[in-house]
Amino acid sequence: MEATSRKNTVFAVPDIDGFTPENYFEGTVLLPENIGQLKLLRQQCKENIFYYDWNLSFRNETFASRPDNFGKDEIQIIFNLNQPITWQIDGGRELVEMLPGEVCVFRNNDYETSMSYDKSVLFQFKSMQMTTAYFESLLSAYFPPAWTERCKQLFLTHVTKTAITQDMYRVLSEIDGAGKYLEFQELFVGTKMMELIALVLHGIFHSKTELRARGLHAAPVAAESDVRQLESLRLRIQRNPAGDYRAAELARSLSMSESKLTRLFRSLYGIPVHRYVQEQRLERAAALLAEGGKNISEVALRSGYTNMSHFAKEFQKKFGTTPKKFAAAL
């Protein structure tokens, strides 16, 4: 990737697959500090599916481009979390436009790609990449020949989009928190990547989807201001589930009514906001228990629970065991 800001700063970024995960935490190898900030984390499963977690911003308005895909023919699945984005593909002859809360599947057959970034804006997205040959082998392994050919015609020749569902967000969060599974992390991540692929394909075939033939322009399909606000809220809950998320206060902070907040959050993520908070608190509790060195009461409080019996009941409902037994089994 090469990027040029309006100050004519130019830099070259190598193939990210060539770096080990330790290189990604600071990001300065890929994005010099005078250009911007980057936090890029990578996970990989034995099936050679790569998972990336991107957080980046630029000091100036920046046009970033990459002349090719380093000779690779790949299927890319991109989850856009917080900003409207537009990729220019094949020298600008095609656009892939995405709003926050959308997931896109497209084939990058060694195309030139580029994108414009606003100044001092944080861009957050997650992506999965695999070779097109491997993606085709997955289709052949799980579907009959006629359905496999239908999928190939769709995904290898079209750009497809659908909404990121609550189940997709759940799996993304589970992959991000897979470290709590210790020596089983690689196995866990591999199975979750396969689950995520299945959820995306299901969403494209059975949910409201934009299907766009290669070479045609897409049009925005959602009210991006509401989507952006609610995605920011969802990320805040995910990062700090123990916070105070009373509906009235949340609605006031977002300048919307409680009914609108409730309706939009459920429509975007398939789950009420209060339930999403509880799910994230329980995931945080499980991660804290997996770290060890903390008693059950401390874990509950740090996860946002003040009622210990309620915490134990909800934890058992989600994980099928009590917090004490969960911790003892690790």
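The values are calculated or read from the model by the stated rules, or taken from the named source; none is laboratory data. For clarity, every value in this text was computed on a predicted model and none was experimentally measured. Here the Cβ is made from the backbone with ideal geometry for all residues, glycine too, and neighbour counts use every protein chain on show. With ligands, DNA and RNA removed, areas are computed over all heavy atoms of the protein, side chains included. Shrake-Rupley method; radii C 1.70, N 1.55, O 1.52, S 1.80 Å.
Things worth noting here:
- Test result for PHE79, surrounded by 14 or more Cβ atoms within 10 Å (Cβ to Cβ) and of a type outside the set (Asp, Glu): yes
- Looking only at residues of segment 288-300 that are exposed (fewer than 15 other Cβ atoms within 10 Å of the Cβ) and assigned to a helix (DSSP H, G or I), we find that the one that is farthest from the chain's Cα centre (by Cα) is SER297.
- Residue among ASN60, ASN69 that alone is polar (S, T, N, Q), part of a loop (DSSP other than H, G, I, E, B) and either open to solvent by less than 10 Å² (accessible area, probe 1.4 Å) or under 20 Å from SER225 (Cβ atoms) (or both): ASN69
- Matching residues in segment 205-243 - criterion: being touching a helix residue (DSSP H, G or I) at 6+ places or on another chain (Cβ under 9 Å), at pLDDT below 80, crowded, with 17+ Cβ neighbours inside 10 Å and among the aliphatic types (A, V, I, L, M): VAL227
- Pick from segment 177-204, criterion within 15 Å of GLU291 (Cβ to Cβ) and in contact with a Lys or Arg (Cβ under 9 Å, 6 or more places away or on another chain), ranking: surrounded by the most Cβ atoms within 10 Å (Cβ to Cβ): ALA178
- The set of residues in segment 263-275 that are more than 9 Å from LEU230 (Cβ to Cβ) and either modelled with pLDDT of 85 or more or not in a helix (DSSP H, G or I) (or both) comprises GLY270, ILE271, PRO272, HIS274, ARG275.
- Residue count for segment 112-152, restricted to those that are among the aromatic types (Phe, Trp, Tyr), outside any strand (DSSP E or B) and either touching a residue at least 40 places away in the same chain (Cβ under 8 Å) or open to solvent by less than 20 Å² (accessible area, probe 1.4 Å) (or both): 2
- Verdict on HIS310 being surrounded by fewer than 18 Cβ atoms within 10 Å (Cβ to Cβ), farther than 24 Å from LYS126 by Cβ and under 22 Å from the mean Cα position of the chain (by Cα): no
- Test: PHE265 is crowded, with 20+ Cβ neighbours inside 10 Å and in contact with a Ser or Thr (Cβ under 9 Å, 6 or more places away or on another chain): no
- If you filter segment 65-92 down to residues that are touching a residue at least 60 places away in the same chain (Cβ under 8 Å) and more than 21 Å from the chain's Cα centre (by Cα), you find that the one that is nearest to PHE135 (Cα to Cα) is ASP73.
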